[in-house]
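Reviewing the structure listed below.
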Amino acid sequence: MLSYEEMTPPERELWNAFPEGRLVDLRVGAPDENDPAEGPGWGPERTLRAAVVTALARGANTAPPGAVTALRVIGARITGRLDLAGAEIGHLLRFEGCWFEEGPSLDGAATRTIGFVGCQVPGIDAALASVEGTLDLRRSVLHGRLSLMRARIAGELQLGGAVLSDPEGWALFAGGLVMEGGVFCRRGFTAHGGIRLLGAHLPGGLFMEGARLDNPDGPALLADNAVAQTLVFSQGFTATGTVQLRGAQISDQLTFDGAFLSGADMALDCSRMRAGELHFTPAAAPSGAVDLRGAHVSVLHDGENSWPGVVRLQGFDYVSIQSEDGLRGYDVARRVEWVRREPGYAPQPYEQLASWYRQVGHEDDARKVLLAKQRHRRGTLHPAGRVWGQLLDALVGYGYRPWLAGVWILALTALGTAVFGGETPKPVQTGQGPSFNAFVYTLDLLIPIGGLGQRTAWYWPDGSLSQWLSYTLIAAGWLLTTAVVAGVTRSLNKS
């Protein structure tokens, strides 16, 4: 370690201030001269060797009884590497407006509150670190990775206004991060490269209002299996690259209110996610697909223009839908169109939507959804199945419109009565049987089971129009009966 005599004037000032926690301010001149981006050009009057700072941080120059030690410096140029790996640091460390020649190492360190505020730093390695206070990186610019892999922070992680850059990898590498407070990446926060929070525990929430994530060739945010109370991506939050929350557990709210999501293929992947409320009301429909397969939310909030062209909904279930545009959120045509954005045919999204309509008392809309399901399914069948499906649809609406059968019967009854009423059939046995009644005769032809006595008592000459019409009515009666039975059976069978 350097002796006191070998230290430069600014280093001695820091050394002397440390035991009493005094602030060392090395700023000079006009504000633009103190911009840490200009740090490489700062002279020796503002330069601190990392070896001196490391020695103080590790406990050199102990404080007198009753003093509160702290290392607090503004506007310094720090050369060499601040190596605090494995250190146990019992005092505050705060660097503000400083320029670092090399990235500090806090790997495995145990410390209290530590801050790099408004600094220029090549990167920070704090993997496995334990911070008993707040880690404050507000307004700092990191030209390399911020590593918090499996770190534990008892307070907050403050990243508001910070810029993290690692375009070829992870700008923030924090898999397994355990937080007790919140993570705040609010307005002005920018990441060039991915944010990795795989399996992170965030009970205090993640707040990214107005943040910008830029990683077009990979995940902008990877938080698979993360556990959090609240995730907020709102107020102009912008992600170029996939936001990936597969298997995440969110006890309260996940919101994309006013967000911009852009992914080459997938903009948002929430498959197998569990959340209390999902507010999906982005500023514009995402440019890539949204994946909700196997996800569960208690309440889904959306808007008329929330969804992209592809929405994967197989296995997605929800208790309630609350639309931001009021009653239009109940519009069944709009909701069916939403379900149709699932590539291919999947029955579960239709069944889930119909279940919700029943729950809110819209039974007629539930039937419309299930009818749409059958029409969608028809396109997947072989030609004969499609023809039979067309008949079921036209005759009874697959059983969800049984009143159509009554319409057909009324129309055919009117036709038969009109045609048969203009001619006189021949009796099967002269002088026996009931008198001919065109209306009753038509009904007797249409009813395939039982009889009214007319069909067996009268007949038409061979080849006559009435004979062919009677055959047609008999066939129509059987077809209508079969369609009603098949359709009603299908409507009662939810599987």
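The values are calculated or read from the model by the stated rules, or taken from the named source; none is laboratory data. Since this is a predicted model, take the numbers as computed values, not measurements. Neighbour counts run over all protein chains shown; Cβ positions are idealised from the backbone, glycine included. For the accessible areas, the whole protein counts, side chains as well, though only heavy atoms, and no ligand, DNA or RNA atoms are used. Shrake-Rupley method; radii C 1.70, N 1.55, O 1.52, S 1.80 Å.
Under the rule of -39500 (n - 2.57) per DSSP H run of 4 or more residues, summed and divided by the residues of the chain, what mean residue ellipticity at 222 nm is obtained, to the nearest 500 deg cm²/dmol? Don't skip to the end; give the middle numbers.
Details: 9 runs with 123 residues, N = 495.
It lands at -8000 deg cm²/dmol.
Kindly state, to the nearest 0.05, the FRET efficiency for SER464 paired with ALA414, given R0 = 30 Å and r defined as their beta-carbon distance. It would help to have the intermediate numbers written out before the result.
Values: r = 20 Å, r/R0 = 0.67.
The value I calculate is 0.90.
Count the net charge of all other residues whose Cβ sits under 9 Å from the Cβ of ARG246, scoring Lys and Arg as +1 and Asp and Glu as -1.
Details: positive: ARG272; negative: ASP224, ASP269, ASP291.
That sum, taken over residues with Cβ under 9 Å, equals -2.
What percentage of the solvent-accessible surface of the range 21-168, computed with a 1.4 Å probe over protein heavy atoms, is contributed by carbon and sulfur atoms?
Numbers: 2940 of 6010 Å².
The value for the range 21-168 is 49 percent carbon and sulfur by accessible area.
Between VAL68 and LYS426, what length comes free when the chain is fully extended (0.36 nm per residue of separation minus the Cα-Cα distance, one decimal in nm)? Working shown, then result.
Working: separation 358, 0.36 × 358 = 128.88 nm, distance 11.91 nm.
Contour length minus the Cα-Cα distance gives 117.0 nm.
Taking only protein heavy atoms into account and a 1.4 Å probe, give the accessible area per residue of the range 104-151 in Å². Working shown, then result.
Details: 1580 Å² over 48 residues.
That works out to 33 Å² for each residue.
Short version: ³J(HN,Hα) in whole Hz for each residue of the range 42-53, in order, from phi by Karplus 6.51 cos²θ - 1.76 cosθ + 1.60 (θ = phi - 60°), x for Gly and Pro, what are they?
5, x, x, 5, 10, 9, 10, 7, 4, 4, 5, 4
Rank-order 264-271, 171-178 by packing density, defined as the average count of other C-beta atoms within 10 Å over each peptide's residues, highest first. Mind dumping the intermediate values first?
Details: 264-271: 20.4, 171-178: 22.4.
Ranked from most to least packed, the peptides come out as 171-178, 264-271.
Name the shape class, rounded, prolate or oblate, that the alpha-carbon gyration tensor gives for the range 139-251, where a ≥ b ≥ c are the square roots of its eigenvalues, rounded holds for a/c under 1.5, and otherwise prolate holds if a/b is larger than b/c and oblate otherwise.
On the way: a/c = 1.30, a/b = 1.25, b/c = 1.04.
Cα axes put the range 139-251 in the rounded bin.
Could I have the simple spin-label model distance between GLU180 and ASP35, label points 7 Å from Cα toward Cβ, reported in nm to one decimal?
4.0
What shape does the range 225-340 take by its C-alpha gyration tensor, where a ≥ b ≥ c are the square roots of the eigenvalues and a/c under 1.5 counts as rounded, a/b above b/c as prolate, and the rest as oblate? Numbers along the way, then the final one.
Details: a/c = 1.33, a/b = 1.15, b/c = 1.16.
Rounded, since a/c falls under 1.5.
Using R₀ = 35 Å, calculate the FRET efficiency as 1/(1 + (r/R₀)^6) where r is the Cβ-Cβ separation of GLU88 and GLN229; round to 0.05. Before the final figure, lay out the partial values.
Values: r = 31 Å, r/R0 = 0.88.
For GLU88 and GLN229, the calculated efficiency is 0.70.
Please report the net charge: other residues with Cβ closer than 14 Å to the Cβ of PRO19, K and R +1, D and E -1. Don't jump to the answer; show the numbers that get you there.
Working: positive: ARG12, ARG22, ARG72; negative: GLU13, GLU20.
Taking every Cβ under 14 Å from that of PRO19, the sum is +1.
Net charge near GLY169, counting Lys/Arg +1 and Asp/Glu -1 over other residues with Cβ under 10 Å of its Cβ?
Working: positive: ARG145, ARG196; negative: ASP166, GLU168.
Summing Lys/Arg as +1 and Asp/Glu as -1 gives 0.
Round to the nearest 0.05 the FRET efficiency obtained for ASP25 and HIS201 when R0 = 41 Å and r is the Cβ-Cβ distance.
Values: r = 38 Å, r/R0 = 0.93.
Once rounded, the FRET efficiency stands at 0.60.
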